[in-house]
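Peer 1: One structure coming up, written as structure tokens, with questions to follow.
Taken together, the values in this text are just the output of simple stated rules run on the coordinates, not laboratory data. Quick caveat, the model's predicted, so the values are computed rather than measured. All Cβ positions, glycine included, derive from the backbone under ideal geometry; neighbour counts span all protein chains shown.
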2 protein chains.
Amino acid sequence: MSAHTTDFAQALRDAGLRVTPQRLALLAILMDSADHPNADELLARARALDDSVSLATVYRTLSALEEAGLIRKLTLESEPSRYEITPAAEHDHVVDIDTGEVIEIANDDIARLRRETLEQLGYEIVSQHTLIRARRMRKS
Amino acid sequence: MSAHTTDFAQALRDAGLRVTPQRLALLAILMDSADHPNADELLARARALDDSVSLATVYRTLSALEEAGLIRKLTLESEPSRYEITPAAEHDHVVDIDTGEVIEIANDDIARLRRETLEQLGYEIVSQHTLIRARRMRKS
DNA sequence: TGACAGATGAGAATGCGTTGCATTTACGTT
DNA sequence: AACGTAAATGCAACGCATTCTCATCTGTCA
């Protein structure tokens, strides 16, 4: 969309990271992945662009990008973590327990509410994430 | 408190599970653990009661108890899962990122709100859990 | 261009959790 | 009270996601 969202090289420099083809590839892949790929899937997709990428680098890059706040890691139950570009709008995730599909649901007010609650308890929220496991209902 | 909450043997039978000393030990330990122990900690505590308990049995028992709805598993980021007796009241968890301490925060209205939202999307919630990572603020 | 810290690839290592298998045990039935 | 059987257990081996080691390579900056 707007220019700043796609200038990966600059985003990396801003985060104090070197600009390498592997990192550019992973950022580009994450940027136009509507799903939430895991490390294996990212490796496969990255190798289509640059066939020398290793799994270790995928993990190292994901950690660095997460630390820089560029991406978000989703820790799931009983399956490898998934990753997404840090979303503009707060949202949580619903895992369809039958298909494994992950969908997003917006969540601003809840997130804000919780931030206020925690503040009164003397805590500053670093991250919050709701994981919902659900199954599709059939029409009643 | 009331009788039914401590009749572990009956709870196991109701769940279609055999009553074994290992399972009784684990249930008893979980019942009066104010913290949220992980598998290793449970093993250590269980061995104080019955020194023959094995780690495999801890995991197998935890799975069975979770399946039966007697306990809840907390999947955390970058550390072993923790477990708690299924709480009477819905609550989420705050992990203090400096101390590792886990505290609980009530959550009824948010949980209900989310249940309604998901229902409109055609989903029936099986479980929902919010994990908050936070740090203690010092007085400003 | 040269120097060098940071990044990478390959594979070994780690750690949480699971599984196969032989043995034991809970528990309904004689 | 002893029996039979499926379920449960302990132990060790295993599986899998993630991290680490280390030798080599490469961005970046002077």
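Peer 1: Output the antiparallel fraction of DSSP beta bridges having both residues in the stretch A:28-137, as a percent to the nearest 5. Kindly include the intermediate steps, with their values, before the conclusion.
Peer 2: Numbers: 10 of 14 bridges.
About 70 percent, rounded to the nearest 5.
Peer 1: For the protein assembly as shown, what proportion of DSSP beta bridges, expressed in % and rounded to the nearest 5, is antiparallel? Provide the component values of the computation, followed by the final result.
Peer 2: Values: 33 of 41 bridges.
Of all bridge pairs located within the protein assembly as shown, approximately 80 percent are antiparallel.
Peer 1: With everything on Cα atoms, drop me the angle between helix A:55-67 and the longest principal axis of chain A, reported from 0 to 90° to the nearest 10.
Peer 2: Tilt of helix A:55-67: around 60 degrees.
Peer 1: Still on this structure, please answer the following. What list of ³J(HN,Hα) couplings, whole Hz, do you get for the stretch A:91-104 from phi and the Karplus terms 6.51, -1.76, 1.60, once you set θ to phi - 60° and write x for glycine and proline?
Peer 2: With coefficients 6.51, -1.76 and 1.60, one gets 7, 10, 10, 10, 9, 6, 6, 8, 9, x, 4, 10, 10, 9 Hz.
Peer 1: What residue of chain A has the nearest C-beta to the axis that moves A onto B, and what is that distance in Å, given as a whole number?
Peer 2: Spelled out, residue of A and its Cβ distance from the axis onto B: A:T130, 2.
Peer 1: Can you give the helix-only mean residue ellipticity at 222 nm for chain A, where every DSSP H stretch with n ≥ 4 adds -39500 (n - 2.57) and the sum goes over all residues, rounded to the nearest 500 deg cm²/dmol?
Peer 2: Details: 5 runs with 55 residues, N = 140.
So the calculated ellipticity at 222 nm is -12000 deg cm²/dmol.
Peer 1: Would you mind checking the tilt of helix A:21-31 against the longest principal axis of the Cα atoms of chain A, expressed as 0 to 90 degrees and rounded to 10?
Peer 2: The helix A:21-31 is inclined about 30 degrees to chain A.
Peer 1: On to the next question. So in the stretch B:91-134, what percent of DSSP beta bridges are antiparallel if you round to the nearest 5?
Peer 2: On the way: 5 of 9 bridges.
Antiparallel: roughly 55 percent of the beta bridges in the stretch B:91-134.
Peer 1: How high is the relative contact order of the stretch B:91-134, in percent, with contacts defined as C-alpha pairs under 8 Å that are six or more residues apart? Don't jump to the answer; show the numbers that get you there.
Peer 2: Values: 47 pairs, mean separation 21.6, N = 44.
For the stretch B:91-134, the relative contact order is 49 percent.
Peer 1: 7 Å along Cα→Cβ for the label point: how many nanometres lie between A:E66 and each equivalent label in the other copies, listed shortest first?
Peer 2: Reported distances to equivalent positions: 1.9 nm.
Peer 1: Tell me the distances, shortest first, between B:R13 and the same position across the other copies, using label points 7 Å along Cα→Cβ, in nm to one decimal.
Peer 2: Sorted ascending, the copy-to-copy spacings read 7.4 nm.
Peer 1: In the P(r) worked out for the protein assembly as shown, what percent of Cα pairs fall beyond 25 Å? All intermediate terms of the calculation are to be shown ahead of the outcome.
Peer 2: Values: 22200 of 39060 pairs.
Of all Cα-Cα distances in the protein assembly as shown, 57 percent exceed 25 Å.
Peer 1: Then there is this: Could you give the angle, 0 to 90 degrees to the nearest 10, between helix B:39-49's Cα long axis and the longest principal axis of the Cα atoms of chain B?
Peer 2: Roughly 40 degrees between the two axes.
Peer 1: Calculate the all-directions average of the projected area of the stretch A:91-134's alpha-carbon convex hull, and give it in nm². Present the calculation step by step, with values, prior to reporting the outcome.
Peer 2: Working: hull surface 13.1 nm².
In nm², the orientation-averaged hull projection of the stretch A:91-134 is 3.3.
Peer 1: How large is the Kirkwood hydrodynamic radius of chain A, in angstrom, based on all distinct alpha carbon pairs?
Peer 2: On the way: mean 1/r = 0.0598 Å⁻¹.
It is 16.7 Å.
Peer 1: Nm distances between the label at A:S127 and the same-position labels in the remaining copies, 7 Å along Cα→Cβ, shortest first?
Peer 2: Ordered by distance, the counterparts are at 2.0 nm.
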